[in-house]
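A.B. asks: Starting off with a structure, shown below.
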Amino acid sequence: MLNIFFKALKDLVNKKIFITSLIPLLIAASIWGILFYLLSKPINSFIESLLSYVPFIGESHWFQSAVESIGGVLLYYELVIMTSVMIVGIIADKIVDIINDKYYHNNKRGFGTTAGSVLIALKQNVIFFILLIITFPLLFIPVLNIFIHISLWFILIKKPNFYDSVAMYTTKDEYKKLQTNNRLMTNGITLISASLFLIPVIGVFIYIVQLLMFTHFNLQRLKELRK
């Protein structure tokens, strides 16, 4: 698993991959930056209303004031990640092609499509956003917030990354076999990938590292499966 992680980091500095990886980030950051600027008052009110449902915390005005100053930044970060994961599905095939041509040389027999990638990401985004709103007040409770964050990101990234990393190369039968086999390893990679979002600032670039990790993992297994 560590080997996959270090391979992904090495590939991130590839000029084509790095430049391509900036596209989702710039789009997501710009969209939400403009919306947060235009809707700063409603967003602050929304955060306050969420906190008001938490016993003791919601009744503490000094805590609400402190949270309001960082709550907007936290929500912005979550939304940028969420949107980036969805947008990356549109360009994932370019990154996967680079990795496959460099390391694995699998033939393309893929049933996957860009539309399929976007739909899967959109579904997980909706689930993620609903759960984020429900658990948002708890994200300010130390220790507990780490587990909640990782759980939310786990849900957000697992299915989109799995699909984006290999669906363009596999038949439906091959895809189902890869899904069924090594589930423990798949969950382990997803857990590590989700945890990487906890790294300040650098976390916004992690969605590409995650895709690279899944791509190495699945393309290698596809190569072995076809043997």
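A.B. asks: Where does segment 88-143 land on the Kirkwood hydrodynamic radius, alpha-carbon pairs, in angstrom?
C.D. replies: 14.1
A.B. asks: Would you mind telling me which residue in Ile155, Ile141, Ile98 has the biggest mean-square fluctuation in a Gaussian network model of the chain, where springs connect alpha carbons within a distance under 10 angstrom?
C.D. replies: Ile141
A.B. asks: Taking 0.36 nm per residue of sequence separation and subtracting the Cα-Cα distance, how much length would be gained by fully extending the chain between Leu144 and Leu12, in nm to one decimal?
C.D. replies: The span from Leu144 to Leu12 would gain 44.4 nm if fully extended.
A.B. asks: Under the rule of -39500 (n - 2.57) per DSSP H run of 4 or more residues, summed and divided by the residues of the chain, what mean residue ellipticity at 222 nm is obtained, to the nearest 500 deg cm²/dmol?
C.D. replies: Result for the chain, helices only: -26500 deg cm²/dmol.
A.B. asks: Quick one: Cα centre-to-centre distance for segment 1-41 and segment 162-227, in angstrom?
C.D. replies: Their Cα centres are 17 Å away from one another.
A.B. asks: Could you tally the net charge around Ile4, taking each other residue with its Cβ under 15 Å from the Cβ of Ile4, Lys/Arg +1 and Asp/Glu -1?
C.D. replies: Charge balance near Ile4 sits at +3.
A.B. asks: Full-extension gain between Ser151 and Asn181, please, as 0.36 nm times their residue separation minus the C-alpha to C-alpha distance.
C.D. replies: Taking Ser151 through Asn181 to full extension adds about 8.6 nm, to one decimal.
A.B. asks: Also, I was wondering about something else. Would you mind computing, in nm to one decimal, how far apart the modelled labels at Ile27 and Tyr76 are, each placed 7 Å from Cα along Cα→Cβ?
C.D. replies: If labels sit at Ile27 and Tyr76, their model points lie 2.1 nm apart.
A.B. asks: I would also like to ask the following. Report, in degrees rounded to the nearest 10, the 0 to 90 angle that the Cα long axis of helix 144-166 makes with the longest principal axis of the chain.
C.D. replies: Relative to the chain, helix 144-166 is tipped by roughly 30 degrees.
A.B. asks: Related question: When all alpha-carbon pairs of the chain are counted, what percent fall beyond 31 Å?
C.D. replies: The proportion of pairs with Cα distances above 31 Å equals 25 percent.
A.B. asks: Starting from the Cα of Asp101, step 7 Å toward the Cβ, then list every residue of segment 2-17 with an amide N under 15 Å from that point.
C.D. replies: 14-17
A.B. asks: Just to confirm the number: angle between the C-alpha axis of helix 40-51 and the first principal axis of the chain, 0 to 90 degrees, nearest 10?
C.D. replies: Long axis of 40-51 versus the principal axis of the chain: about 80 degrees.
A.B. asks: Which percent of Cα pairs goes in each bin when the distances of segment 121-227 are cut into 10 angstrom slices starting at zero?
C.D. replies: Binned Cα distances yield the sequence 14, 43, 30, 11, 2, 0.
A.B. asks: Right, something else. Tilt of helix 61-99 relative to the longest C-alpha principal axis of the chain, in degrees (0 to 90, nearest 10)?
C.D. replies: Computed tilt is about 10 degrees.
FYI, it's all coordinate maths here, none of it is from the lab. Remember, it's a predicted structure, so these values are computed and weren't measured experimentally. Note that each Cβ is placed from the backbone with ideal geometry, even for glycine, and that neighbours are counted across all protein chains shown.
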